[in-house]
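The values are calculated or read from the model by the stated rules, or taken from the named source; none is laboratory data. Source: prediction; values computed, not measured. All Cβ positions, glycine included, derive from the backbone under ideal geometry; neighbour counts span all protein chains shown. The accessibility values were calculated without ligands, DNA or RNA, using every heavy atom of the protein model including side chains. Shrake-Rupley method; radii C 1.70, N 1.55, O 1.52, S 1.80 Å.
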Amino acid sequence: MTDRFAPPPSKGCSATPVLKERGQHEVFCGLTGIIWLHRKMQDAFFLVVGSRTCAHLLQSAAGVMIFAEPRFATAILEETDLAGLADAQVEIDRVVTELLERRPDIKQLFLVGSCPSEVIKLDLATAAERLSAQFAPSVRVLSYSGSGIETTFTQGEDACLAAMVPVLPKTDARELLLVGALPDVVEEQAVGLLEAMGIGPIRVLPAPGRDSEYGIGPNTVYALTQPFLTDTHEALQRRGARHLAAPFPFGEEGTTQWLWTIAREFGVSAEKFAEVTDAPRARARKAVSQASEALNGRSVFFFPDSQLEIPLARFLTRECGMQAVEVGAPFIHRAVMSPDMDLLAEGPVIAEGQDVDKQLDRCRTARPDLTVCGLGLANPLEAEGLTTKWAIELVFTPVHFYEQAGDLAGLFSRPVRRRDLLKLEAA
Ligand code: SF4
């Protein structure tokens, strides 16, 4: 089967010395994840314990406000709470009790920590335990932090899923667990391909609701669909589950290698694998080659933001003909990232963490054809004549697996083509 893949580079990035930076960083906070998580977990409610800033962030990140009663809210810490004059624990109990009395549809409630709750050291874990005992068995209360202090926006999903792993029941069943909140249509494609190979039962984390939950145990094998799920990965290891390490399913190559890693684990033959994947692989290749014409031979620079940077650099260099100048990632977790680093050819600077001014200087010196960065950096860089792509779009857009491979290339090629057109018009 391996001869179906493009050969790996003679030397990948796994052994490249990593430039570690610990300075000022410019990223969104983990509250952002609530926007996609609340859609996946139909019986969940996210109660952010935070400030008016947190409430505004959620509201603007959610875009058009929801007309039905939403499944997230902010319990605002007032000045008396922050000054320690009010008992915030009593207030949390009151807000949660009122909420659960009004909303019997809620089966799991997440108390989500923020910068203010972290600064005043509000113990949400104890609050969650106390409230869980009070409202069990109809409601489960968990807590996690979405604070922006030293974290990046995709860590909110990781923290949420990691909080769920310890409370799932134990099982000895041999099951495949797909880990990561994907858009429903994308998740269905992945499950459909695996089931067509005869693989099952297949579970997904997060499950759509508590009714469809399952157990975890030593015979659970799991594949991550998102590279930022490192705490969840460690929580699953602690439950005895086994990780199937693979490149992430971005682009034709990443998807094929990810599927093939699972297929091998379940004893699927190369013939069966080819029968299921040949047609979508061909479609993905064609779509990528069309969408990536404008990218061929161009350079790309990644600022650390979404934690998708290394797998996306692998996709852009190996399938779209780009050259990576620098690939910055907020954190590099070797057990999760090595399969992609082995495929990303040696050459680019691999950076972990951020010292934004130094990184901006390197970017200005390199003058890449495309810079992938957060919203805060994109406008100033555009004003300096650099072409940018907002990293956050890569998380909000369906980009995984074969049928989205062309769209993924298109997300990067659109700003490059737009800049080319502007240059032509100006000439
Ligand atoms: Fe701002 Fe922190 Fe609230 Fe996020 S959690 S909105 S960074 S105050």
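Listed values, structure above:
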{"item": "Between 0 and 90°, nearest 10: helix 251-265 axis offset from the chain longest Cα axis", "result": "70"}
{"item": "Using alpha carbons only: equivalent-ellipsoid semi-axes of region 295-413, gyration tensor based, whole Å", "result": "20, 17, 14"}
{"item": "Spacing of the two label points (7 Å from each Cα toward its C-beta) at residue 272 and residue 129, in nm", "result": "4.6"}
{"item": "Translational diffusion of region 387-427, µm² s⁻¹ [Kirkwood Rh, Cα pairs; Stokes-Einstein; 20 °C; 1.002 mPa s]", "result": "190"}
{"item": "Modelled FRET efficiency - R0 45 Å, residue 426 with residue 60, Cβ distances, 0.05 increments", "result": "0.85"}
{"item": "Principal-axis tilt of helix 270-291 within the chain, Cα atoms, nearest 10 degrees", "result": "80"}
{"item": "Principal axis dimensions, the chain - Cα atoms, whole angstrom, descending", "result": "61, 53, 42"}
{"item": "In degrees, nearest ten, helix 309-319 long axis to first principal axis of the chain (Cα)", "result": "30"}
{"item": "Candidate aspartates and glutamates for bridging to residue 286, where Cα separation is under 17 Å - those fewer than 8 sequence places away on the same chain excluded", "result": "252, 253, 278, 319, 403, 407"}
{"item": "Whole-angstrom gap from region 339-383 to region 146-189, using each part's C-alpha centre", "result": "28"}
{"item": "Region 232-335: translational diffusion in µm²/s, Stokes-Einstein, Kirkwood Rh over Cα pairs, 20 °C, 1.002 mPa s", "result": "138"}
{"item": "Förster radius 35 Å - calculated FRET efficiency between residue 382 and residue 212 (Cβ-Cβ, nearest 0.05)", "result": "0.20"}
{"item": "Ratio Rg/Rh, restricted to region 3-60 and using Cα atoms, in which Rh is the Kirkwood radius", "result": "1.24"}
{"item": "Convex hull per residue volume in Å³, alpha carbons only, for region 68-198", "result": "156"}
{"item": "Straight-distance crosslink candidates among aspartates and glutamates, where the alpha carbon sits under 20 Å from residue 40 and sequence neighbours closer than 8 are dropped", "result": "69, 105, 157, 158, 184, 187, 188, 211, 213, 231, 393"}
{"item": "Ellipticity estimate at 222 nm from DSSP helix runs (n ≥ 4, -39,500 (n - 2.57)) divided over the chain, nearest 500", "result": "-13500 deg cm²/dmol"}
{"item": "Sorted largest first, extent of region 333-402 alpha carbons per principal axis (Å)", "result": "37, 28, 20"}
{"item": "1.4 Å probe accessible area per residue over the chain, in Å²", "result": "41"}
{"item": "Length released on extending from residue 6 to residue 323, taking residue separation times 0.36 nm less the Cα-Cα span", "result": "112.4 nm"}
{"item": "Extension reserve of the residue 76-residue 334 stretch, reckoned as 0.36 nm per residue once the Cα distance is removed", "result": "89.1 nm"}
{"item": "Cα-projected label distance for residue 174 with residue 196, points at 7 Å along beta-carbon direction, nm", "result": "2.4"}
{"item": "Sparse-neighbourhood loop sites, GluC sites (Glu not before Pro) in region 122-164 - DSSP loop, at most 12 other Cβ within 10 angstrom", "result": "150"}
{"item": "Listed residues 241, 282, 291, most fluctuating in the chain (Gaussian network, C-alpha, under 10 Å)", "result": "282"}
{"item": "Accessible-area composition of the chain, carbon plus sulfur, in percent [1.4 Å probe]", "result": "54"}
{"item": "For residue 75, residues with placed amide H under 5 Å, excluding near neighbours", "result": "48, 49, 50"}
